[in-house]
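The values are calculated or read from the model by the stated rules, or taken from the named source; none is laboratory data. Quick caveat, the model's predicted, so the values are computed rather than measured. A quick note on method: Cβ atoms are made from the backbone with ideal geometry, for glycine too, and the neighbour counts reach across all protein chains shown. We work out accessible area using only protein heavy atoms, side chains counted, and drop any ligands, DNA or RNA first. Shrake-Rupley method; radii C 1.70, N 1.55, O 1.52, S 1.80 Å.
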Amino acid sequence: ALGPTRGGLTSCWSYRRVPYNFTYLTRMPTSKPRERWADEACFEVNRERMHVPLRAYESRAAVLGRRLCDELPAGPWLLALTPARWSFSLASKPADAPSVSGPGGFDAAGWGDLQVPCSWEVAGVGSKPVYLNERYPFKLDPPRVPTDERNEVGSYQVSFTLPARWIGRRSYLVLDGLGSAATGWIDGAEG
């Protein structure tokens, strides 16, 4: 949850996705703490508990008239950030990924853009999609995630304005279909 919203203010949503993160059943001792995205014991941070999809409706009748598989209803309590073009940057490894720089998010000068929702690999950006059932495209060294070889990191950014009527209401950012490790920032603060 983002907490009570500040309606009418423009916010900047930024997130970074690291495609390869591994989950192992045992935790091996390490000499120094790992980044959260590389920690096989970290499954979630600042995330709501799993549940059926929740949507806000204007009335009881509107809720009872919908099915769960129906498209999202348009309404005053939903701000769809997709489909849209978002600023996008691709780094070949985690160390080359940009850092968030204050309330404006990433410094996206010189970035391209990408249609969202989309897999950057399918959009033809970076490596080709990896479809494997037997071997990994890099050397396995559990529990360490590759940092020196190709392990692409996609950074996305979009700005939006929350409606004034949302003042005092709890708001949620829903990331349907997000794969692997991700970190999000709202107005430069990690969410």
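Condition test on residue 99, is it out of contact with any helix residue (DSSP H, G or I) (no Cβ under 9 Å at 6 or more places or on another chain), of a type in the set (Gly, Ala, Ser) and open to solvent by 60 Å² or more (accessible area, probe 1.4 Å)? Spell out the reasoning first.
Numbers: out of contact with any helix residue (DSSP H, G or I) (no Cβ under 9 Å at 6 or more places or on another chain): yes; of a type in the set (Gly, Ala, Ser): yes; open to solvent by 60 Å² or more (accessible area, probe 1.4 Å): yes.
Answer is yes for this residue.
Taking each residue of the range 93-119 that is over 19 Å from residue 187 (Cβ atoms) and looking for partners that are in a helix (DSSP H, G or I) with beta-carbon atoms closer than 9 Å, six or more apart or interchain, yields 94/37; 94/38.
Taken together, 130, 122, 145 contain a single residue that is out of contact with any Asp or Glu (no Cβ under 9 Å at 6 or more places or on another chain) and either modelled with pLDDT under 75 or hydrophobic (A, V, I, L, M, F, W, C) (or both), which is 122.
Please find, within the range 76-103, the residue that is modelled with the lowest pLDDT out of those that are under 24 Å from residue 172 (Cα atoms), under 17 Å from the mean Cα position of the chain (by Cα) and not in a loop (DSSP other than H, G, I, E, B). Among those residues, the one meeting the criterion is 100.
Of all residues in the range 171-182, which are open to solvent by less than 30 Å² (accessible area, probe 1.4 Å) and under 23 Å from residue 98 (Cβ atoms)? Answer for the range 171-182, where residues must be open to solvent by less than 30 Å² (accessible area, probe 1.4 Å) and under 23 Å from residue 98 (Cβ atoms): just 181.
Taking the range 51-75 as the search range and keeping residues that are open to solvent by 100 Å² or more (accessible area, probe 1.4 Å) and at pLDDT below 80, which one is nearest to residue 126 (Cα to Cα)? Going through the qualifying residues, I end up with 71. Here the range 137-170 is the region considered, the condition is being β-branched (Val, Ile, Thr) and under 17 Å from residue 39 (Cα atoms), and the residue that is surrounded by the fewest Cβ atoms within 10 Å (Cβ to Cβ) is 147.
Considering only the range 121-158, state which residues are closer than 15 Å to residue 91 by Cα and touching a helix residue (DSSP H, G or I) at 6+ places or on another chain (Cβ under 7 Å).
147, 151, 153
Give the residues of the range 39-86 that are under 30 Å from residue 109 (Cβ atoms) and in contact with a Leu (Cβ under 8 Å, 6 or more places away or on another chain), sorted by residue number. Those that are under 30 Å from residue 109 (Cβ atoms) and in contact with a Leu (Cβ under 8 Å, 6 or more places away or on another chain): 79, 80, 85, 86. Residues in the range 29-49 that are farther than 23 Å from residue 185 by Cβ and either at pLDDT 80 or above or open to solvent by 100 Å² or more (accessible area, probe 1.4 Å) (or both): 3 in all.
Listed by first and then second residue, the pairs linking a residue in the range 51-65 that is within 16 Å of residue 171 (Cα to Cα) to a residue that is outside any helix (DSSP H, G or I) and of a type in the set (Ser, Thr, Tyr), with Cβ atoms under 8 Å apart and 6 or more places separating them unless they lie on different chains, are 54/172.
Total residues in the range 139-174 satisfying the condition of being farther than 28 Å from residue 49 by Cα and within 19 Å of the chain's Cα centre (by Cα): the figure is 2. For the subset of the range 104-136 comprising residues that are among the charged types (D, E, K, R), part of a loop (DSSP other than H, G, I, E, B) and open to solvent by 50 Å² or more (accessible area, probe 1.4 Å), which member is nearest to residue 35 (Cα to Cα)? The residue in question is 107. In this structure, residue 71 does not qualify as closer than 19 Å to residue 156 by Cα, in a loop (DSSP other than H, G, I, E, B) and without any contact (Cβ under 8 Å) to a residue 12 or more places away in the chain.
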